[in-house]
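See below for the structure under consideration.
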Amino acid sequence: MRLQDFSVEIAEWSCERDRLALLEIRQQVFIVEQGVPEARERDGLDDSCWHLLARDEGGRPIGCGRLTPAHKLGRMAVLSDWRGRGVGEALLRELISRARTLGWPQLSLAAQVSAIGFYQRAGFNVHGEVFEDAGLPHRMMQLALPLVSDPQEPVRDLDTLPAGSREEAVAARMQVLADARHRLAIRLPRLGQDSYASTQELAELRRIAVSGRGAQIRILLHDPAAALHSDHRLIALAQRLPSAIQIRTPVEEIDLGYLSACLLNDTGGYLFQPEASRPQGRAARHDRASHAPLQQHFDEVWERAERASMLQALDL
């Protein structure tokens, strides 16, 4: 489903515009409509949470939600005029996806009794007795986020790679490429000349692309036009090896608003940068437990994405 009349984006609590938008929605839904005391609604956790914000086509805030460091989902709210139009479902889907990406084993929440069905449709299970919170009946709910693993894979050193600086991120990317056998998944909001453009990186990419039957490099690129216009060397390689290198572009607002970058190989190695514009991230050569949720999120976005239209002239 494409989001036709609203969009979902990551919100930064430190950004005044985002913070005021989040508080505006929660003020209307929780404090005005539901009578929750302001002191209870403002719990002091927001600056350490990961927030989502939904806006209408005019940019007006219409819905929100957050994840806390305690692996809890909360502050889900949608303005009354927008309920029943898919806003809550879009927010919930991305919050669950983010929790998986972070490698959380489960996600919990305190659901208002009237909203239990909404969360059950997303896979949450009820547990415990009804309790009162801010004068409203609630029940605890949980969603298991199992990690995909190979039971025959031997337990071994995770081989964590440093990725705290630009130089370390470049070295980690090179190592993950070198460890790959036949498959790669790459996600980039923007393909700059400092990524996947060196002679060594391109040599590894070509090696993987021609490694035999089953060789596949999938690339999710938010801005293929910029890469095409800058004559990026990876695009030229993809032009020469179109059967092995596939490029798609996310089309849903919720996916385009996800500004992380990742590189995943087929041996459990990965490089994940929460903000693609910054080098800091985490990486490992063999860590399937952390690799699995990143791969699952990539696969989900890949299925929703479309062939990169700006590259069709190259018959990619």
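Observations, loosely collected:
- Hits in segment 82-123 - residues which are within 22 Å of Asp299 (Cα to Cα) and either of a type in the set (A, V, I, L, M) or touching a Pro at 6+ places or on another chain (Cβ under 7 Å) (or both): Ala90, Leu91, Leu92, Leu95, Ile96, Ala99, Arg100, Thr101, Leu102, Gly103, Leu107, Ala122
- Reported count of residues in segment 1-58, each being outside any loop (DSSP other than H, G, I, E, B), closer than 30 Å to Pro250 by Cα and among the hydrophobic types (A, V, I, L, M, F, W, C), is 13.
- Condition met for Ala169 (at pLDDT below 90, under 24 Å from the mean Cα position of the chain (by Cα), surrounded by 18 or more Cβ atoms within 10 Å (Cβ to Cβ) and within 27 Å of Cys262 (Cα to Cα)): no
- Screening segment 195-295 for strands (runs of 3 or more DSSP E) wholly inside it with 3 or more residues that are at negative phi and among the β-branched types (Val, Ile, Thr) returns the ranges 245-249.
- Gly214 meets all of the listed conditions (1) modelled with pLDDT of 90 or more; (2) over 23 Å from the mean Cα position of the chain (by Cα); (3) within 22 Å of Gln296 (Cβ to Cβ) but one, namely (1).
- The number of residues in segment 167-206 that are within 21 Å of Phe298 (Cβ to Cβ) and of a type in the set (D, E, K, R) comes to 8.
- Taking the criterion of being touching a helix residue (DSSP H, G or I) at 6+ places or on another chain (Cβ under 7 Å) and assigned to a helix (DSSP H, G or I), the residues of segment 174-185 that qualify are Met174, Leu177, Ala178.
- Of the set (1) in a loop (DSSP other than H, G, I, E, B); (2) at pLDDT 85 or above; (3) of a type in the set (Phe, Trp, Tyr), all apply to Phe298 but (1).
- Note on segment 23-64: residues that are more than 20 Å from the chain's Cα centre (by Cα) and not acidic (Asp, Glu) amount to 23.
- Of all residues making up segment 65-101, the number that are closer than 16 Å to Ile25 by Cβ and either more than 16 Å from the chain's Cα centre (by Cα) or outside the structural domain of Glu12 (by TED's automatic domain parsing) (or both): 13
- In a residue-by-residue description of segment 106-116, the property of being surrounded by fewer than 20 Cβ atoms within 10 Å (Cβ to Cβ), part of a loop (DSSP other than H, G, I, E, B) and either not hydrophobic (A, V, I, L, M, F, W, C) or not assigned by TED's automatic domain parsing to the domain that holds Trp302 (or both) applies to no position.
- Filter result for the condition that a residue is outside the structural domain of Leu52 (by TED's automatic domain parsing), in contact (Cβ under 8 Å) with a residue 40 or more places away in the chain and either within 27 Å of Glu94 (Cα to Cα) or crowded, with 16+ Cβ neighbours inside 10 Å (or both), over Ala215, Ala238: Ala238
- Of the residues Ile31, Ile10, Ile25, the single one that is at pLDDT 90 or above, outside the structural domain of Val301 (by TED's automatic domain parsing), of a type outside the set (Phe, Trp, Tyr) and in contact with a strand residue (DSSP E or B) (Cβ under 7 Å, 6 or more places away or on another chain) is Ile25.
- Some residue of segment 34-44 being among the small types (Gly, Ala, Ser), exposed (fewer than 15 other Cβ atoms within 10 Å of the Cβ), under 29 Å from Gly103 (Cβ atoms) and assigned by TED's automatic domain parsing to the domain that holds Arg98: yes
- Exactly one residue out of Ile247, Ile254 is under 28 Å from Ala289 (Cα atoms), of a type in the set (A, V, I, L, M, F, W, C) and at pLDDT 85 or above, and it is Ile247.
The values are calculated or read from the model by the stated rules, or taken from the named source; none is laboratory data. From a predicted model like this one, the values you see are computed outputs, not experimental measurements. Neighbour counts run over all protein chains shown; Cβ positions are idealised from the backbone, glycine included.
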